[in-house]
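Peer 1: Below you will find the structure I want to go over with you.
Where a number appears in this text, it was derived from the coordinates with a stated rule and is not lab data. Computed from a prediction, not measured in an experiment: that's the story for all the values here. Here the Cβ positions follow ideal geometry from the backbone for every residue, glycine too, while neighbour counts run over all protein chains shown.
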Amino acid sequence: MVYFDQFIIIAIAHILALMSPGPDFAIILKQSITYGRKKSIWTSFGISIGILVHVTYTILGV
């Protein structure tokens, strides 16, 4: 049961971290205010491609 309690604490910390806005949110907000919806969608696409690259090499164990 000790491990389960630790797991719950870590899971709650991760959920709170995921809910908080980060630098990606700030960049997309700036793009949408400055350039409009189309540019912010392309910015979101670029950020998602970057995340995909990081996830891919992490899964491959590089």
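Peer 1: With respect to the numbered conditions (1) of a type outside the set (Ser, Thr, Tyr); (2) outside any helix (DSSP H, G or I); (3) surrounded by 10 or more Cβ atoms within 10 Å (Cβ to Cβ), which one is the sole condition not fulfilled by residue 62?
Peer 2: Among (1) of a type outside the set (Ser, Thr, Tyr); (2) outside any helix (DSSP H, G or I); (3) surrounded by 10 or more Cβ atoms within 10 Å (Cβ to Cβ), the lone unmet condition for residue 62 is (3).
Peer 1: For segment 16-44, what are the residues that are assigned to a helix (DSSP H, G or I) and exposed (fewer than 10 other Cβ atoms within 10 Å of the Cβ)?
Peer 2: Scanning segment 16-44 gives 16, 17, 18, 19, 23, 33, 34, 37.
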